[in-house]
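Step one of this worksheet: look at the structure below.
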Amino acid sequence: MRLADKYLWRSMTVFALALILFATTFFRPGLHAALTLAIAALVLLATLRDLRWGVYAAFGDLLLSGKGYWFSVPLGNDRLPLRMIIFIIVIAVWFARRLRERGGIRRLSGAQYWLPLLLASAAGYAALNGLFHHPFNNVFLDANAWLYFLLLPAIFEALATPKDFHRVVQLLAAGTLVLGIATFLTLWAFGRLPPTSLTPWYRLLRDSGMGEVTPVSGTLVRVFFQSHVYALVSAMVFLALLCRRAFIGITDTIVAGMVWYIAAATIVVSQSRSFWAAAAVGSALVLGIAAFRYALRWRVLALAFLLGFVVFTQQSLVALVSGNYGSAVLRQRISGLEHEPAATTRRSQLAPLTAAIGEHPLLGSGFGRTVTYRTQDPRILRQQPDGRYTTFAFEWGYLDIALKLGILGFLIYGAWLANLMLAPFRPGIKNPGMTGISESFALGLTAVAVANIFTPYLNHPLGIGWVLVAGASAAAFLARQDGRGATPTPPAALLPQVAHGR
């Protein structure tokens, strides 16, 4: 597989330019809106030419923009984010083509077809159930992210050949490198520059929903971007591809190693315990597969030692960049969990959530269902001194799904995820052009699924986007097994708050 070619460098240039334009225009509403419309126009023209470009644009937005509001246009008292504009463009162009060509949706076979259909039915019922029993505003804010699944037919049609997924790998690499540089630049700035000069930077990250910066100790801060979930994905994907020796030459291998290193370092800087747990589980799976599937049994021990050494030495990199040489990032975030606000909040949610699930266990309570619990989060205590907090958004991702969609909907979603994660590893099925990519994408999805235990991503566009990409790669991998072959794309012609990655 080629990685370090002109497409990678051009993608990095586009991503870097987008971040610069975002930072320089965000507080200039007129110019920012005009720039958003110009970007939307370019995406529309590119999508009309080739549906794949619209899908790539949607994926690129997920890689960098967090909650999706880095570019937006005014819409009454609210804002219409670029993410939703791209979503509408891709759906509209795909649907217009179906009408013009009088073609149906690309049919999948077996579980690849029935499980997404059943999940759509469960989500639709949860929406109707919520509208009958809960306030409309709660239902809309809770359910609208699930609409991102409507991109499924467009993504499955646009991404159908090995070349399409090579481009996705390159986009993932470019996004990881640019986001990693932005993360370390933010870490350096908040550790080294005078606080008075950092207010615009802080407001930029907070008001755009791209990320957050919180003090830890001394000059060390926690820099967390919502899109860091793709650093987690990238770490798993490139570790798997490196173990498989999927890259053609030494240059591509070195660049892939750099991408993995930056991704792992970004996960350390994010100080997200959810990501750390997911990265540990995902890396263990990758190494286990490398040992028994790629015939690297003895070399895996050396590789495991090397990975552990690199990750722990990245603490020194964080200290060097932030200027806080006495910091021990991993130890600080793991110790004292019994008193840490985010950890206590999760514990406080467990009993009320499980009790609420028990009220309607099979079909769920519908979107918009709220639960009240007590929290020690200082931000909430400033508004509610007794700590009582009522919300429809919860840190426990799978319990959130079970509450809204019921145990039945939870099992359907879980079965689909398991099918996508296991599809590339089915015995007796071979597709040389797709095997490595499909396996690495499935391992990336596994890491996201682990992170979703503690931080909800699989009910948000950030996680749903990777579910769809991994699903498309699994469909392309299995396509030739049933005689259908991959279907190339014709050449012509939503946002609730995501949890803060505790």
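Throughout, read-outs are computed from the coordinates displayed, never taken from laboratory work. Keep in mind that this is a model prediction, so the values were computed, not measured. Positions of Cβ are backbone-derived with ideal geometry, glycine not excepted, and every protein chain shown enters the neighbour counts.
Before moving on, here are some points about what is shown:
- Here 149, 224 are placed in order of increasing Cβ neighbour count within 10 Å, fewest first, which gives 149, 224.
- Whole-angstrom gap from the stretch 247-272 to the stretch 1-66, using each part's C-alpha centre: 22
- With contacts taken as Cα pairs under 8 Å at a separation of at least 6 residues, the stretch 44-182 carries a relative contact order of 31 percent.
- Percentage relative contact order, the stretch 141-283, counting C-alpha pairs under 8 Å, at least six apart: 25
- Here the extension length gained between residue 354 and residue 312 equals 11.4 nm, from 0.36 nm per residue of separation less the Cα-Cα distance.
- Multiplying the residue separation of residue 277 and residue 42 by 0.36 nm and removing their Cα-Cα distance gives an extension gain of 80.7 nm.
- Dipole-positive endmost among 26, 189, 468 within the chain (Cβ charges, Cα centre): 468
- Placing a pseudo-label 7 Å from each Cα along the Cα-to-Cβ vector at residue 7 and residue 376 gives an inter-label distance of 5.1 nm.
- Sum of side-chain charges, residue 243 neighbourhood, beta-carbon under 11 Å (Lys, Arg +1; Asp, Glu -1): +3
- Residues residue 120 and residue 92, FRET efficiency given R0 of 22 Å [Cβ-Cβ distance, rounded to 0.05]: 0.70
- Given R0 = 41 Å, the distance between the Cβ atoms of residue 415 and residue 245 translates into a calculated FRET efficiency of 0.80.
- Evaluated with a Cβ-only charge set (Lys, Arg +1; Asp, Glu -1), the chain carries a dipole of roughly 740 debye about its Cα centre, given to the nearest 20.
- Calculated Rg and Dmax of the Cα atoms in Å (choose from (i) 24.1, 80; (ii) 22.4, 71; (iii) 22.1, 65), label: (iii)
- Segment residue 429-residue 78, extension gain: residue separation times 0.36 nm, minus the distance between their alpha carbons: 121.4 nm
- Dipole axis of the chain (+1 Lys, Arg; -1 Asp, Glu on Cβ), positive-most option in 231, 318, 292: 292
- For the stretch 133-139, putting each phi into the Karplus relation 6.51 cos²θ - 1.76 cosθ + 1.60 with θ = phi - 60° gives couplings of 10, 10, x, 4, 4, 5, 5 Hz, in residue order, rounded to whole numbers and with x for Gly and Pro.
- Take every pair of alpha-carbon atoms less than 8 Å apart whose residues are at least six positions apart; their mean separation over the length of the stretch 357-474 yields a relative contact order of 26 percent.
- Residues with amide H under 5 Å from that of residue 216, placed H, sequence gap 5 or more: 221, 222
- Each part gets one Cα centre, and for the stretch 111-128 versus the stretch 463-480 those centres are 17 Å apart.
- Unit charges at the beta carbon, dipole of the chain: most positive-side option, 172, 391, 401: 172
- Nitroxide proxy distance, nm - points 7 Å out along Cα→Cβ at residue 99 and residue 302: 6.1
- Here the simple spin-label model places points 7 Å from the Cα toward Cβ, and for residue 292 and residue 133 these points are separated by 4.2 nm.
- Size of charge dipole - the stretch 158-259 - debye, nearest 20, with Cβ of Lys, Arg +1 and Asp, Glu -1, no other charges: 80
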